[in-house]
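Working notes, structure below.
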Amino acid sequence: MLNELYSLSTALKSKGISTKEWHREYKPLPKVTTKAPCIRIWLAKDGSIRGLESISAEVAQSLRKYGNNQGTFPAFNIVPLYRLIDKEPLSELERIEKGTIPLDFDKIKSWCVNDNWKERIVKKIDRSLHNIPQTLSDLIGDQEQPERTLVSELIRLASGFTNEPDKSFKSALEKCIFAKLQKQEDLGILLPMLFHKGNPKKDHNDDTGTSISVVLDLFDWQQYGYPVTSQHTTEWINDMLLKSSLLSVSKQSEDVRSDAFGIPFINPNEPMPSVKLSGFEVTLRSMFSGQPCQYRYEQIDDGSYPIAMENRSLAKKSLEWVVGLEREGVTWRKIDKNEIVFVYPSKLPEIQPRFASIFGSSQAESSAQAEARFENIAKDFIRTLRGLSAKEKPDFIQIFTIRKLDKARSKVIFTRNCSPELLIQAAEDWEAGCRNTPETDLSERIIPFPLQVARIVNNVWKQNGELAQGKTAVERMKYYQGMELLLDLMQESMIGNYLHTVLTHSSGLVSYTGNWVHGGSKCKDKTEEKTLEKLKNETVLLLSVLGLLLYKRGDRKEKYMENMAYLVGQLLKISDELHTFYCKIMRKGDVPPQLVGSALFVTASETPNQAIAQLSLRMNPYLTWAKQYRFKDKTKNEETWRAGWLLSLYEDVANKLYSTMKDPTRFGDFEKAQLFIGYLASFPKRESSVTAIGDDNNNENNIGGANHE
């Protein structure tokens, strides 16, 4: 990741883009929502808590807290003061919160019995009030500035809280809450701070409730110019922390050597910085001490790949810049909750193409169907990229993905750079590959994004058209491998492996959807209509992937549509249609649950010659009937011409199939893919000419039954 981010920092520097650097232990506050507020606690000069208020999400976004998992300051987490588990108080508390009954202050106080601040919570809050603030005070120095005086005063007041009952932080907080409850103020934030609605079946140590984010501030802040909870004070603290870090490194007496990128390196003896991405946090690493191989060469952690403080800072700032919310779809795209793809050019133009969008659309974009289609996004991307001037056109485009492996580790699992021309050609080839199938009667063709392919390949379908979702999702194909497929980085053997997987997983979907559509089944209700529509869309996506994999191998539809496998699929489809037509006429619409062609679909994919032999026997009565029915005198609403049309199609395919049939054989995966496509592809548009044949009652009874029927 460091190499990729170094190239990005170079691009940012050349463009004159400055990015804000934050000290590695000065971290953002949790995201503020209605259900997860952040409470500002106003401290007075006498050490009391003068007020409580919920701060807005905008204010919270500009604030930071210093520290680590052991404690932070001036913001930290607490839990509700007391735990309620009795049914009657819980029921009454909920009615008070809803406003259906008034608050009875004496009754509220009588519920405050079961102390919810367990020992581990008290210890962590104590560190946040004493140890961490003292460390912060030492780092920011003793400058005579209003901001320093402001922070020092807050630290002094925080350290004044002790573990004595009347002088504890908890007792001061409780007094303030009670005073406001007596005035019937801010019930929406006070009651959740006072009570945790516990589960009596759980041990209290494991049931202390959801953490509440709080931040300390001075009630009399006006004399200092700004409150602690302000962007100005936050940035001032950050500047002091950064100066302290640089001063500490410069004072070290180690020999100066060069880092991996050639600038002077003095080991700061501290972990690499971390960056909070969308959904998880990533710690930058050159190496990890947990890998035993390092001990063989005595180059532990960054010993084999040293990174100077300056380059650590550049890497951190570059990652924070590239993952900015305003650049989603341009330089990054979230794949799932634990994986993100980054895409950026070596030169940053004024108008940046949406580099990341070409790999996959976001949920927000999915709501706008036309805009979210691959072909439209690719067209816009290619037009913008080709429209760049020679000065702005990048030399290469960097692509890499980060995946969170567990709570503490993340890893770059895919990295590649390519030229703009290669990416343009890859996008054009992708669209051509996904169109490498004939039209179908299912729905409009859908071209999947590269990041969608893994889901399509991994989905396992039952014979009844339902997904076979187990406790653990199937991951035969990883998301990033869809990007490998786009960039032509996948070997033919891997293409064959994924083709085998998708065929195995999707046989049930193709057979079920084909049988349903060919049988002209009517949906019973809206729910069944939605189910059918979903299955059609999934099948269309599947066909695009099959066409793409065939295209990558060099099989074009103009050629494989003349092959035996495709023709067998078409013959099964024609058989289904003719069987359905027979049932509608002769059985008054009573179509069986499984049609002739669908029943032999699995057999045809394994032993096609055997399937064709069985099909000829089963279809004989329907073919004989169709030869007679097509010449029947027309009555109202009868489509006698359709019998002639289907017979003609059957004859054409049978004649072509005869010339392509080989000795008894089994289909390989690429032939099976052609069979799947043939079974779902539309028929040639020949209705008008066949209608004329049906009208011409010339007793040519050999039509549809001659030659190799």
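The values are calculated or read from the model by the stated rules, or taken from the named source; none is laboratory data. Only a predicted model underlies this, so the values are computations on that prediction, with no experimental measurement involved. Don't worry about glycine lacking a Cβ; one is built from the backbone with ideal geometry, like all the others, and counts go over all protein chains shown.
Some points to look at:
- Here LYS65 fulfils each of the conditions (1) part of a helix (DSSP H, G or I); (2) modelled with pLDDT of 95 or more; (3) crowded, with 21+ Cβ neighbours inside 10 Å apart from (1).
- Long-range neighbours under 7 Å by Cβ, at least six apart or interchain, first residue in a helix (DSSP H, G or I) within segment 640-651, second of a type in the set (Asp, Glu) and at pLDDT 90 or above: LEU646/GLU577
- Looking at PHE581, PHE601, just one residue is closer than 19 Å to VAL517 by Cβ, crowded, with 22+ Cβ neighbours inside 10 Å and either in contact with a Gly (Cβ under 8 Å, 6 or more places away or on another chain) or not polar (S, T, N, Q) (or both), and that residue is PHE601.
- Among the residues of segment 57-98, just one is among the small types (Gly, Ala, Ser) and either touching an Asp or Glu at 6+ places or on another chain (Cβ under 7 Å) or closer than 20 Å to ASP115 by Cβ (or both), namely GLY67.
- Filter result for the condition that a residue is closer than 26 Å to ILE85 by Cβ and acidic (Asp, Glu), over GLU174, GLU153: GLU174
- Among the residues listed as THR234, THR208, the single one being among the β-branched types (Val, Ile, Thr), at pLDDT 90 or above and assigned by TED's automatic domain parsing to the domain that holds VAL32: THR208
- Test: residue in segment 113-135 that is touching a helix residue (DSSP H, G or I) at 6+ places or on another chain (Cβ under 8 Å) and at pLDDT below 90: no
- Looking across segment 121-159 at every residue that is of a type in the set (Asp, Glu) and more than 40 Å from the chain's Cα centre (by Cα), the one that is nearest to GLY225 (Cα to Cα) is identified as GLU147.
- From the options VAL275, VAL330, VAL282, residue that is part of a loop (DSSP other than H, G, I, E, B), modelled with pLDDT of 70 or more and among the hydrophobic types (A, V, I, L, M, F, W, C): VAL330
- Segment 96-118, subset within 39 Å of the chain's Cα centre (by Cα) and part of a helix (DSSP H, G or I), residue surrounded by the most Cβ atoms within 10 Å (Cβ to Cβ): GLU97
- When residues of segment 34-65 are limited to those that are under 12 Å from CYS176 (Cβ atoms) and of a type in the set (A, V, I, L, M, F, W, C), the one nearest to the chain's Cα centre (by Cα): ILE39
- Cβ separations smaller than 8 Å between residues 6+ apart or across chains give the following pairs from segment 434-447 residues that are hydrophobic (A, V, I, L, M, F, W, C) to residues that are in a loop (DSSP other than H, G, I, E, B) and surrounded by 12 or more Cβ atoms within 10 Å (Cβ to Cβ): CYS434/ARG445; CYS434/ILE447; CYS434/PRO448; ILE446/ARG373; ILE447/ARG373; ILE447/ARG435.
- For ALA378, the criteria (1) closer than 28 Å to PHE449 by Cα; (2) more than 16 Å from the chain's Cα centre (by Cα); (3) at pLDDT below 70; (4) small (Gly, Ala, Ser) hold in every case but one, which is (3).
- Subset tally (residues that are crowded, with 16+ Cβ neighbours inside 10 Å, farther than 26 Å from GLN70 by Cα and among the basic types (Lys, Arg)) for segment 1-28: 0
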